[in-house]
Amino acid sequence: MKDTYLNPRQKKILSYLLTKNDWAKGSEIAMEFGVTTRTIRNDIAYINSACGNNEEIICSSNQNGYSLKDYDKAISMAKKHMNHIPIYPDERVNYILKKLIFEKDEIDIYCLADEIIVSESTIENDIKKVESIIEKNSRNVSIVRKGTSISLVGSEKQKRALLSEMLFKETNESFFDISSYKKYFSDIDLYIIQKHITEVVNKYNFVLNDMAVVNIIIHIAIAIDRINNQNILDTSYTSKDIADTTEYKIAGELCSELEREFNIEFPKKEVLYISYLFLGKRINQNICSSRGELEKIVEPYFADITESLLSSINTEYGINFLGDDILFVGLCLHIRVMYDRIKNDVILRNPVLDDLKRRYPFIFEISVFFANEFLKITDLKMNENEIGFIALHLGAAFERSKVKKDDLIRVAIVCSTGYLTSNILLSKVNSLYNQRVDVIGVFSFLEIDKISKYNADFIFTTVPLEYEIPVKIIKISPFIDENDIKLINKELNIYDKEKKTDELQREVSKFLKGELFYKDIIFDDRFQVIDYMAKDIYDKGYVLEDYPQLVLERERISSTSFGNLVAIPHPIRMNAHQTVISIAILDKPIMWGSYKVQLVFMFAIKAGDRKKLNDLFGHLIDIIEKPDRVNDLIKSKDFNDFKSKVLEK
């Protein structure tokens, strides 16, 4: 690429075309920049000449106008000529949000457009996205507009919390790597902060996990940066409730060390703020294995809350966790420290949140219900990070509880080499597969005819069987070697998948309704889509009158979009007259929380079908994780075409 200079308008034209997914008419571009179509034609010719080697990154058509021919080269050229100016839409949104947080004065929109080389209409769209991010993060901050100027209004504490959320989101895949945050704090050595945190907490035997340490380091770095720029906390923190705590002593000593390191003075309110950062992040090292022992560690109030919440889960989902002491103790201890975090508005970032939502939607759904019940009891609202931590506890308990006798694969063992060998084989099968199979008996070669009355799913045999038996047969060695294990695993996996798929297809086929299928509908906002679909489900008699409100209530707690253009909205409670799945294919994708969405599955579940929710979610997640399949569904001609594609194995 030649070392050629682009003038400001040419940079803007390149940036403008990068925002377009299709052709742009020459007259449209000319109107955008207030010049003639001839000027645009000359500018585009110059941009293409800057590529050298007779290459073109912008192609032209008399009928259609202009379009990028090579998007990657256009990005490369834009970055070369625009230095640190954000290019992608997400980069621009983050740039604007950071600028709003750090600027004390109002920002002129037109100057901002010139600064990042975009049109006024583009900057207006970007500001709308910034407002959406602020709303999603539930911060008490807002963008205020005066004429052509904007500013961010809110408390210093909330601005810091919003900034930390942004940084954690941008570095999500390398959350635990401190070096990934260095670019945001050019004048602050994060490793020095980490060193002093480690020394002080070790002195007080205050144990933190890696997640908590990273959270605290970043919050303290933000605090130092904000103090250096005269942005001091304006909260009403007092030392009355925390002065005698270990957290306050740690914060005091830590701030003294950091003052020497960074030549800075922490006001008292900042020390209190840092003490609250430590509050609720300590790992409880008490060994507690029963509920009785909890009384020595946790106030009865929190044990009562835990029992009440687990009872609510049992009532709503028919899943009884009340007898799981491991869950009860761990959850009760977690609720105790979480309670302090929420009361003091301390945020603990959950780096596995997005994976949890996508990979374990049913468990996350139970956790959203849990959070809503917690709000009713305590008047304290969990954010998505906290809901994710609850999901980790419930997920582990769910795994412990989900293996039931009726769910196991029934296996008959045929072994003709004697009692001792048969017992060794039985012990080996039970040892390897006790979570998957139920051995209904060990039979000799002469007892094969008895197997039929036990309804076996498989026969594991050490001898060849020539009989015609309507049961899957696996030939193995009496001592089960590695090859046998691979063969058994393969066959059991195929059986599990086919059985679940067949059952699910029958259920999904029954739940899909042609009268609840909408194609190419036009909406600009997720809440409009939810309102339209939910009210139609009610009008057709499938649900109670409060169904639309319950779906909206659930959506406001945590977005139901999963990526790959799919959302699965549903109510916070299951009270439908009949289980149905409503489908909407939007005319074009819209923003739905953090992701764009074009395909919407709306669930209405009756109480009797609540245990099927996990399998339904699982089936849809299998579809969601395959972009080609989602695109194929979006292109469905009608309901029957869509239904056949959904039910494909």
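The values are calculated or read from the model by the stated rules, or taken from the named source; none is laboratory data. Small disclaimer: the values here were computed from a predicted structure and weren't measured. Methodologically, a virtual Cβ is constructed for each residue, glycine included, from the backbone with ideal geometry; neighbour enumeration extends over all protein chains shown. Accessible surface areas use protein heavy atoms only, side chains included; no ligands, DNA or RNA. Shrake-Rupley method; radii C 1.70, N 1.55, O 1.52, S 1.80 Å.
Miscellaneous remarks
- Kirkwood Rh and Cα Rg combined as Rg/Rh, the stretch 513-571: 0.95
- Summarising the label geometry, the points placed 7 Å from Cα in the beta-carbon direction at L380 and T148 lie 4.9 nm from one another.
- Exposure rank, largest accessible area first [I557, I530; 1.4 Å]: I557, I530
- Debye equation applied to the C-alpha atoms of the stretch 541-649, log10 I(q)/I(0) at 0.13, 0.16, 0.22 Å⁻¹: -0.49, -0.75, -1.33
- Heavy-atom surface of the chain, accessible at 1.4 Å and reported per residue (Å²): 49 Å²
- Mean projected area in nm² (Cα convex hull; one quarter of hull surface) for the stretch 452-554: 12.7 nm²
- Applying Stokes-Einstein at 4 °C and 1.567 mPa s to the Kirkwood radius of the stretch 352-487, computed over alpha-carbon pairs, gives a translational diffusion coefficient of 71 µm² s⁻¹.
- Where Rh is the Kirkwood radius over Cα pairs, Rg/Rh for the chain: 1.03
- Per-residue ellipticity at 222 nm from helix content only, as computed over the chain with -39500 (n - 2.57) for each DSSP H run of at least four residues, stands at -17000 deg cm²/dmol.
- Rounded accessible area of E399 (nearest 10 Å², 1.4 Å probe): 100 Å²
- Exceeding the 29 Å Cα-Cα cut-off - candidates K12/K588; K169/K606; K269/K357: K169/K606; K269/K357
- Evaluated at q = 0.15 Å⁻¹: base-10 log I(q)/I(0), Debye formula over Cα of the stretch 94-190: -0.66
- Accessible-area composition of the chain, carbon plus sulfur, in percent [1.4 Å probe]: 47 percent
- Restricting attention to the chain, close to 50% of DSSP beta bridges with both partner residues there are antiparallel.
- Binning the C-alpha pair distances of the stretch 1-72 at 5 Å intervals from 0 yields a P(r) profile of 3, 16, 31, 29, 15, 5, 0 %, listed from the shortest bin outward.
- In a DSSP loop and with at most 16 other Cβ atoms within 10 Å, the trypsin sites (Lys or Arg not before Pro) in the stretch 187-274 are K240.
- Alpha carbon Rg of the stretch 476-621, scaled by the compact-globule rule 2.2 N^0.38 Å: 1.30
- Spin-label model, A243/N140: points 7 Å from Cα along the beta carbon direction are separated by 2.5 nm.
- The chain: angle of helix 37-49 to the longest principal axis, Cα-based, in degrees nearest 10: 70 degrees
- Per-peptide average of other Cβ atoms within 10 Å, ordering 632-640, 317-325 highest first: 317-325, 632-640
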